[in-house]
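Below: the structure, in structure tokens.
The values are calculated or read from the model by the stated rules, or taken from the named source; none is laboratory data. These numbers come from a predicted model, not from an experiment. All Cβ positions, glycine included, derive from the backbone under ideal geometry; neighbour counts span all protein chains shown.
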Amino acid sequence: MAQYSDAKRKLLEKYFRGEAGFRPATREIPRRQPGEIIPLSYSQEQVWLHAQLAPEVPLYNEPVTIHYSGPLQVRALEQSLNEILLRHEAWRTYFTVVDGQPVQEVQPDLAISLPLIDLRTLPQEQRDAAALAIATADARVPLDLGHVPLFRPRLICLDHGQYRLYLTLSHIIFDGVAIYRVFLPELATLYKAYAAGSPSPLRELAIQYPDFEEKFQAHAPEAAKFSSPWMCGMTQFHGIMQIWPGYLIKTAPGYSLLVRSPANMVHDDAYQILEGIVETDRWFGPLFSNIKLIDTGIPIDFRAEQPFLQLIPIHRLEYDDEKLNNFAVHEGFDGLGPEDWQAFERTIVQPSMNPVGRRQGAYAAAARKRRAEEKRQ
């Protein structure tokens, strides 16, 4: 360990002896102000520790390639990247050791240049291999977690109107979701605006990665300060994970919540929301939703404009054993009376004979009208 600083060497020795552990659950996270240091998350501590044990190995380098066809305004692309640096603290974060603990700090401002590497001087059949060699060499060099930026961009021109932007990023501050669901859409939006000479159309971010923890600590009483909800995590059951959509729930006495996926919406092929009843009058806290992963090869995308859950208040008497077990089951058609057949004809037969004349949403409208009439009676 001779190559490490004295503080870093002592910290690693504590990890090896099992004395340091990771950030304990009872450690208070101080209210964060601009310029203050930020404790590492559990996952970040894992990545940081591995990087210290093997500093010459690019264990957590993540390569990303973006292909672009057509005329490219390099200045607009560079401006777009720098705007993303300004918007997201994660792109300006670096890691160091303070008082014997690894912490993350945010550089107040950061700008990069994006020089263009032109391979058009090479024979055309050699250009792909040359571009890949440049990107591979970049990906094999570890990123220094103590200095920003924790990524390397390479813009390469292979032919007229044929470009590739190679990015080598550190997994300690980036993941697939951040790249494909945040970075790429924002980069495309910003480039389109800047190339047209317009200002950024993106709204300023209301919250950054560490801000939720800070706000929770500021509002929670002393006894609850170290129990902030996690946003998502795996359960002890295979393929089942929990997501917290941000709700703290308490219902009136006697009422529970039926938690289910939104009705009448196309279901996602990647996951399934598990339905259940939560007795939220007896239990107060974050309302977690259990989801079953169906296909791990499909990205899960939650959108602000699309409902994620449907919450239905239900009185406990409606699902007690006496009521749930108090029903009859008839085999065959002998139990169907004239009223049942009339209802079948009205709801099934008649609409199927005139499908064109049936207005979309007519069934729901009729159900609402019927409920309103029942209330008036």
Quickly run through region 275-299 and pick out the residues that are surrounded by 14 or more Cβ atoms within 10 Å (Cβ to Cβ), part of a loop (DSSP other than H, G, I, E, B) and touching a residue at least 40 places away in the same chain (Cβ under 8 Å). 287, 288
Kindly check whether there is at least one residue in region 254-269 that is in contact with a Ser or Thr (Cβ under 8 Å, 6 or more places away or on another chain), more than 12 Å from residue 310 (Cα to Cα) and hydrophobic (A, V, I, L, M, F, W, C). no
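Is it true that some residue in region 149-169 is farther than 22 Å from residue 134 by Cα and either modelled with pLDDT of 95 or more or not hydrophobic (A, V, I, L, M, F, W, C) (or both)?
no
Kindly indicate which of 303, 316 is modelled with pLDDT of 80 or more, among the basic types (Lys, Arg), in the same structural domain as residue 235 (by TED's automatic domain parsing) and more than 16 Å from residue 241 (Cβ to Cβ).
So the residue among 303, 316 that is modelled with pLDDT of 80 or more, among the basic types (Lys, Arg), in the same structural domain as residue 235 (by TED's automatic domain parsing) and more than 16 Å from residue 241 (Cβ to Cβ) is 316.
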List pairs: first in region 171-192 and assigned by TED's automatic domain parsing to the domain that holds residue 70 and closer than 28 Å to residue 57 by Cβ, second of a type in the set (Ser, Thr, Tyr) and outside any loop (DSSP other than H, G, I, E, B), Cβ under 8 Å, 6+ apart or cross-chain? 173/93
State all residues of region 99-108 that are surrounded by fewer than 19 Cβ atoms within 10 Å (Cβ to Cβ) and more than 25 Å from residue 194 (Cα to Cα); if no residue qualifies, say none. 99, 100, 101, 103, 105
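Every residue in region 235-260 that is among the aliphatic types (A, V, I, L, M) and farther than 14 Å from residue 274 by Cα, please.
Hits for region 235-260 are 248, 249, 252.
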Some residue of region 73-94 being under 30 Å from residue 46 (Cβ atoms) and in contact with a Gly (Cβ under 9 Å, 6 or more places away or on another chain): yes
Of residues in region 251-274 being crowded, with 16+ Cβ neighbours inside 10 Å and among the charged types (D, E, K, R), the one modelled with the highest pLDDT: 260
Which condition does residue 75 not pass, out of (1) modelled with pLDDT under 95; (2) surrounded by fewer than 19 Cβ atoms within 10 Å (Cβ to Cβ); (3) not acidic (Asp, Glu), if it passes all the others? (1)
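Could you check region 58-147 for strands (runs of 3 or more DSSP E) lying wholly inside it with 3 or more residues that are in contact (Cβ under 8 Å) with a residue 40 or more places away in the chain?
Strands (runs of 3 or more DSSP E) meeting the threshold: 61-69, 93-98, 101-106.
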Residues of region 266-299 classified as in contact with a helix residue (DSSP H, G or I) (Cβ under 8 Å, 6 or more places away or on another chain) and under 16 Å from residue 245 (Cβ atoms), total: 0
Looking at region 89-98, can you tell me whether even one residue there is among the basic types (Lys, Arg), under 28 Å from the mean Cα position of the chain (by Cα) and buried (at least 18 other Cβ atoms within 10 Å of the Cβ)? yes
Does residue 117 satisfy the condition of being assigned by TED's automatic domain parsing to the domain that holds residue 186 and under 22 Å from residue 179 (Cα atoms)? no
Closer than 17 Å to residue 175 by Cα, within 23 Å of the chain's Cα centre (by Cα) and at pLDDT 90 or above: does that describe residue 58? no
